[in-house]
1. Search the range 298-320 for residues that are at positive phi and pair each with any residue that is open to solvent by less than 10 Å² (accessible area, probe 1.4 Å) when their beta-carbon atoms are under 6 Å apart and the residues are at least 6 apart or on different chains.
2. Does Phe227 satisfy being open to solvent by less than 40 Å² (accessible area, probe 1.4 Å), out of contact with any Phe, Trp or Tyr (no Cβ under 8 Å at 6 or more places or on another chain) and closer than 18 Å to Gly125 by Cα?
3. Please enumerate the residues belonging to the range 315-339 that are surrounded by fewer than 20 Cβ atoms within 10 Å (Cβ to Cβ) and touching a helix residue (DSSP H, G or I) at 6+ places or on another chain (Cβ under 8 Å).
4. Determine, yes or no, whether Lys129 is modelled with pLDDT of 95 or more, over 27 Å from Gln179 (Cα atoms), open to solvent by 50 Å² or more (accessible area, probe 1.4 Å) and not acidic (Asp, Glu).
5. Looking only at the range 461-476, count every residue that is among the polar types (S, T, N, Q) and open to solvent by 40 Å² or more (accessible area, probe 1.4 Å) and tell me the total.
6. Select from the range 555-593 the residues that are among the hydrophobic types (A, V, I, L, M, F, W, C), closer than 30 Å to Leu504 by Cβ, open to solvent by less than 20 Å² (accessible area, probe 1.4 Å) and in a loop (DSSP other than H, G, I, E, B) and list them in ascending order.
7. Out of (1) open to solvent by 10 Å² or more (accessible area, probe 1.4 Å); (2) assigned to a helix (DSSP H, G or I); (3) aliphatic (A, V, I, L, M), what's the single condition that is false for Met143?
Amino acid sequence: MLQNIKRQLGILFLLVFSVLSGLACTKKKPADAAATSGRKILYHLRDAEEKSLDPMRQFDAASHQLVNSLYDTLLQYHYLKRPYTLEPLLLEKMPEKQADGSRYLFTLKKGVVFHDNACFPGGKGRELKSDDAIYSLKRFADMNVNRLSYTLIQGLIVGMDAFREKSQKDGAAFSYDKQEIEGIKKTGEYTFTITFLNDSPLNFHPLAFNGLSIVPREAVEKYGSDFEKNPVGTGPFIMKSYSRRGTTILVKNPLYHGVYPSEGMPDDSSEGRLEAAGRKIPFVDEVQLPLMEETQPQLLKFKKGQLVWVNINRDDFELMVDRKGTGFQLKKEFINLFDLYYANSLQSAFLRLGMRDSVIGKNKALRQAIALAMNAQGYLDLMYNGRGHVANSLIPLDIVGNARDTGSLWYTQNLELAKKKMIEAGYPEGKGLPPLLIEYRSSNKDQRLRFEFIRNDLSRIGVKVEGNFQSFSNYLKKTDEGNFQLADAGWSADYPDAENFYALFYGKNVAPGPNGSNFVHPRYDELYVKARHMTDGPERLKLFAEMDSILKEEVPVILLMNQIIMGLKQKNLKYFKRTMMDEYPYKYLDIAN
């Protein structure tokens, strides 16, 4: 099996070489192909179908890509500062703590208007008010609307959990007009207060999550279930045309309220990213986003100047990039053509195990055997050219609470011990064990090669696996309900705190919540609740370490890696900075003439 993988990689290497060999001597076309018309068009891509453009109904990276550009949240993460720092977006200033210590005053910017849309009288967008913020907070808490992401704010705001329980009980008869959230009070046309249950460092993070974007009631009521295809926000771009399987086009919102940041890190100044300080955004007139699921067509379009940036895949990396100490640089023949970017992701890649499954979920020894059979370092080296870090905990290395902080260690490959675990599981050498099914989110060649690697590893202890390669929407439908044996999975931080990752295995977050594995463990839950609202420090790290040990013992997940995100950008793309809290920062980008 492994030889077959290497043979396939060799063929792919030759194919890619034939594409790239002409690349260094090909004069690129400019990325702004519409320059002759005086309009700036930014060409990028979508690599998966989005689930929904209704902020409250989506919780996937593909949907985030569009929602982030169409809507605004109360807060956002500063584009340039590191570590990631919250700042006002729809607010005039950061929330102000009141005398009682748990209540905060929120003051909205004046003059922010929703996009023009037929849902408003005369089709003219109206000004955003505090009623819109309160309505959106209610809608985010409504169980009939948001089945997926409420866990991000659960237990934070006085009365919000009770509001959600009431929405579930009343169903279609539930009325926002008749039911208030105790801890949210309107105090003026542009002001409201929120009372929090705890003075917690987590309180403000959900207010920057795009699932809590501010939406107008008129649009929700006019479009009903079609609201997910008819976005109406205050964001930097407006939907011009929408096609899930084709090209989606966004156009500049001429009334957008945002400006480019005026401060950042030292390299932002030296690399010219602060030359736009204080200017109104967005800078480009249009963003075109075709669906492109395969990496080679992406590279070909990039080569022609028809994409402003692309992630660099395994094959291209070998041909185009050299390692330089702990960093990377483009090979000399490409330095004058493109720019290379890379950064540690705030993502963890892993296999989820379905704890409701009658085979996987009921047999801990089997789960441990599978974990012991996996060669995570080999997976990282062969599938990703070593671009990343083998995971020893759920927490990415750039977030406090990661394995370097806790001292946690995950399994390393040990086939002898794995075979003993197979005997303990009742399947010596795999005898009597039916093939296990791994869910994948696409059918592209990279997914298939990753499956081949895992199949090769598990075959060495007698475990047979099959791959179910499907569309991203079908994958989400299956995994959101927890109906699977194994699933190729991962998690990108909704906010830069370790709690966001440990919540993936909290018992009250079972499917359709983020705990798609349906893992329930009383001690883990006790530790999670205790650690959730703590500030970072030795006591919190001790709790995280114990949680890591429980996950290792029970194996509802098989940790793989924390990836280094790497890609190529065109030389004329300005102000680009890789940010893990907004991976598609179109509103800040410009194209040089």
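The values are calculated or read from the model by the stated rules, or taken from the named source; none is laboratory data. Keep in mind the model is a prediction, meaning the values are calculated, not measured. Cβ sites come from the backbone with ideal geometry, for glycine too, and all protein chains shown count toward neighbours. All accessible areas refer to the heavy atoms of the entire protein, side chains included, with ligands and DNA or RNA removed. Shrake-Rupley method; radii C 1.70, N 1.55, O 1.52, S 1.80 Å.
1. Correct list of pairs: Gly305/Ala31.
2. Details: open to solvent by less than 40 Å² (accessible area, probe 1.4 Å): yes; out of contact with any Phe, Trp or Tyr (no Cβ under 8 Å at 6 or more places or on another chain): yes; closer than 18 Å to Gly125 by Cα: yes.
Criteria met by Phe227.
3. So in the range 315-339, the residues surrounded by fewer than 20 Cβ atoms within 10 Å (Cβ to Cβ) come out as 317-319, 322-337, 339.
Hits for the range 315-339 are Glu318, Leu319, Leu330, Lys331, Phe334.
4. Details: modelled with pLDDT of 95 or more: yes; over 27 Å from Gln179 (Cα atoms): no; open to solvent by 50 Å² or more (accessible area, probe 1.4 Å): yes; not acidic (Asp, Glu): yes.
Criteria not met by Lys129.
5. Narrowing the range 461-476 to residues among the polar types (S, T, N, Q): 468, 470-471, 473-474.
From the residues that got through so far, the ones that are open to solvent by 40 Å² or more (accessible area, probe 1.4 Å) too are 468, 474.
Of the residues in the range 461-476, 2 are among the polar types (S, T, N, Q) and open to solvent by 40 Å² or more (accessible area, probe 1.4 Å).
6. Val555, Met580
7. Here Met143 clears every test but (2).
Conditions tested, residue by residue: (1) part of a loop (DSSP other than H, G, I, E, B); (2) more than 26 Å from Ser492 (Cβ to Cβ).
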position	(1), (2)
Leu207	no, no
Ser243	yes, no
Val251	no, yes
Pro261	yes, no
Ala276	yes, yes
Val284	yes, no
Gln288	no, no
Gln306	yes, yes
Val310	no, no
